[in-house]
Ligand code: ATP
């Protein structure tokens, strides 16, 4: 379980997050929604230690993490998949997966590779190919597969649907749902595509100008016409 309490962060005079408090429950997908510039990416970067919070607390299963450097997070069970599907294009698919296995320290275990290939069979077919030959959807599968190599308890996912066909997005979200239901993974999912995100999420947080304006079960947010029109764009 991830708990944020009065978390604030910014860039010089820009207040990107202001007193953000919420809990992402264990074994659930919590969607973080809101317009461009609402603070979603800053929230993920602050939770994962890539951006420094100014105040407030971040706890993962009761352990305070606000001052923990980003490179230590995988060993503590948190992995961040930033926007942009950053695969290492000069390496093979399998080498990219192996990097994910090294993130928490120690050796890459064959069973972790098997798990990634079971989850995304297309990656098994392409395991020896260079990552630059993958399509956008396959790259998104590779970065999620790479993140799961270290068996995180908490996965932070930034805009996985961006630029992908709806059919591919639905496939990726289905697989993510399976990981949550079968392995108790906790997911914080940042999305501009609120409709898709709410279709897979258990719970939703809406940010506006760095503040939480709604914190409700996904079905409640999806049924709230006023909120959808005001903040979610559908
Ligand atoms: P998007 O979907 O466009 O990425 P977002 O909801 O993720 O939007 P953030 O990228 O977190 O929002 O931005 C929150 C605020 O912080 C915005 O006002 C943005 O202009 C500002 N901001 C983000 N990154 C920087 C930066 N590196 N330097 C200065 N201001 C920034």
Open item on the list: Given the criterion within 29 Å of residue 135 (Cα to Cα), surrounded by fewer than 19 Cβ atoms within 10 Å (Cβ to Cβ) and within 12 Å of the ligand (Cβ to nearest atom), identify the matching residue among 111, 83.
Closed with: 83
- [ ] Say whether the condition of being within 15 Å of the chain's Cα centre (by Cα), buried (at least 22 other Cβ atoms within 10 Å of the Cβ) and more than 16 Å from residue 120 (Cβ to Cβ) is met by at least one residue in segment 165-187.
- [x] yes
Open item on the list: What's the number of the only condition in (1) at pLDDT 95 or above; (2) farther than 24 Å from residue 53 by Cβ; (3) over 17 Å from the mean Cα position of the chain (by Cα) that residue 213 fails to meet?
Closed with: (2)
Open item on the list: Can you find, within segment 153-163, the residue that is farthest from residue 195 (Cα to Cα) among those that are within 16 Å of the ligand (Cβ to nearest atom) and surrounded by fewer than 20 Cβ atoms within 10 Å (Cβ to Cβ)?
Closed with: 163
Open item on the list: I'd like the full set of residues that are free of Cβ contacts under 8 Å to residues at least 60 places away in the same chain, away from the ligand (no atom under 16 Å from the Cβ) and crowded, with 18+ Cβ neighbours inside 10 Å, limited to segment 188-228.
Closed with: 222, 227, 228
Task: segment 11-33, subset more than 17 Å from the chain's Cα centre (by Cα) and in contact (Cβ under 8 Å) with a residue 60 or more places away in the chain, residue farthest from the ligand (Cβ to nearest atom) - done: 21
Open item on the list: For segment 34-70, give me the residue count where each residue is outside any helix (DSSP H, G or I) and within 9 Å of the ligand (Cβ to nearest atom).
Closed with: 7
Open item on the list: Can you find a residue that is in contact with a strand residue (DSSP E or B) (Cβ under 6 Å, 6 or more places away or on another chain), in the same structural domain as residue 199 (by TED's automatic domain parsing) and either more than 16 Å from the ligand (Cβ to nearest atom) or closer than 21 Å to residue 4 by Cβ (or both) anywhere in segment 169-180?
Closed with: yes
Open item on the list: Restricting to segment 40-55, and then to whatever is in contact with a helix residue (DSSP H, G or I) (Cβ under 9 Å, 6 or more places away or on another chain) and farther than 14 Å from residue 188 by Cα, can you tell me which residue is surrounded by the fewest Cβ atoms within 10 Å (Cβ to Cβ)?
Closed with: 52
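The values are calculated or read from the model by the stated rules, or taken from the named source; none is laboratory data. These numbers come from a predicted model, not from an experiment. Virtual Cβ from ideal backbone geometry, glycine too; neighbours counted across all protein chains shown.
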